[in-house]
1. Return yes or no: is residue 18 assigned to a helix (DSSP H, G or I), in contact (Cβ under 8 Å) with a residue 12 or more places away in the chain and surrounded by 10 or more Cβ atoms within 10 Å (Cβ to Cβ)?
2. Give 38, 27 a once-over and let me know the one that is assigned to a helix (DSSP H, G or I) and either touching a helix residue (DSSP H, G or I) at 6+ places or on another chain (Cβ under 9 Å) or at positive phi (or both).
3. Considering the range 66-78 alone, what residues qualify as being surrounded by 10 or more Cβ atoms within 10 Å (Cβ to Cβ) and either part of a loop (DSSP other than H, G, I, E, B) or in contact with a strand residue (DSSP E or B) (Cβ under 9 Å, 6 or more places away or on another chain) (or both)?
4. List pairs: first in the range 36-65 and surrounded by 10 or more Cβ atoms within 10 Å (Cβ to Cβ), second at pLDDT below 90 and not in a helix (DSSP H, G or I), Cβ under 9 Å, 6+ apart or cross-chain?
């Protein structure tokens, strides 16, 4: 079903996005709508996304070495 945009402002925005993206106005509208719908999707909380990484780090054995100033200086041959 065709979409009829009667707002000149919306038409200009579609033209601007189409020009920047190098696509047709129809594709620009599709991109904009897709991006907005994705933006509104519920996001997985940061803590939940980081948990696998934090678990992997926690599973690494401790060396007993202290990462103090001398350690960081040695990385830079100072």
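1. no
2. 27 is the lone residue from the list that is assigned to a helix (DSSP H, G or I) and either touching a helix residue (DSSP H, G or I) at 6+ places or on another chain (Cβ under 9 Å) or at positive phi (or both).
3. Residues satisfying the conditions do not exist here.
4. Close Cβ pairs satisfying both conditions: 49/43.
The values are calculated or read from the model by the stated rules, or taken from the named source; none is laboratory data. All figures in this text were calculated on a predicted structure; none of them were measured in a lab. Because the Cβ atoms are built from the backbone with ideal geometry, glycine has one as well, and the counts that use them run over all protein chains shown.
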